[in-house]
1. Computed from the coordinates I sent, semi-axes √(5λ) of the Cα gyration tensor in Å equals one of (1) 24, 16, 13; (2) 37, 18, 13; (3) 27, 17, 14. Tell me the label.
2. I want the local charge near residue 58. Using Cβ-Cβ distances under 13 Å, sum +1 for each Lys or Arg and -1 for each Asp or Glu among the other residues.
3. Give the long-range amide H neighbours of residue 10: residues separated by 5 or more places, or on another chain, with amide H under 5 Å away, using H modelled in the peptide plane at 1.01 Å from N.
4. Please name which of 33, 69, 46 has its Cα lying farthest along the dipole of the chain towards the positive end, using unit charges on Cβ (Lys, Arg +1; Asp, Glu -1) and the Cα centre as origin.
5. What nm value, rounded to one decimal, do you get for the distance between residue 38 and residue 76 when each label is placed 7 Å out toward the C-beta?
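Nothing in this text is a laboratory measurement; each read-out follows from the coordinates by a stated rule. Please read these numbers as outputs of a predicted model, since none were measured by experiment. Heads up, the Cβs are rebuilt from the backbone with ideal geometry, glycines too, and the neighbour counts pull from every protein chain shown.
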Amino acid sequence: MNNAHSDGNNITVPVPAPAGGATSGVPFAYGVLVAIPVTDAAAGEPVAAAIEGVFVLPKLSTANITGGAAVTWDISEDRVIIASPAAGDVNAFGVAIEAAANGTATVAVKLTPGAGSVQGA
């Protein structure tokens with residue numbers, strides 16, 4: 001097949017300038033995607049990033065997330081939330097694969113590329 005580009009699990013994209021750079025394992029928004037960089041990179045530089053798979057991500061500690069819930073990426077706080085998205089947040093970028101109660105700092109999320117939308121866009 002001559003037109004295959006990649007398996008799509010990882011992509012190489014420029015680090016968005018507002019991100020100020022990418023740190024391995026620290027998610028950033030790339031349009032409607034939430035990308036998990038596999039290396040460090042400066043803003044504007046290309047970085048390989050995972051957009052498929054399950055990742056343990058930081059969450060709003062007071063959020064009570066049920067397993068199977070669609071989650072939102074809060075771009076201003078760099079964390080998962082489930083309510084009150086602000087302009088620019090990435091809605092429904094993934095699905096919580098486990099419950100994460102009030103008081104917990106992380107949640108396991110299955111990234112669902114192509115399913116999200118940018119709040120206010």
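1. (1)
2. Numbers: positive: 59, 79; negative: 74, 77, 78.
Residues near residue 58 contribute -1 overall.
3. 51
4. Of the candidates, 69 comes out farthest on the positive side.
5. Distance between label points: 3.4 nm.
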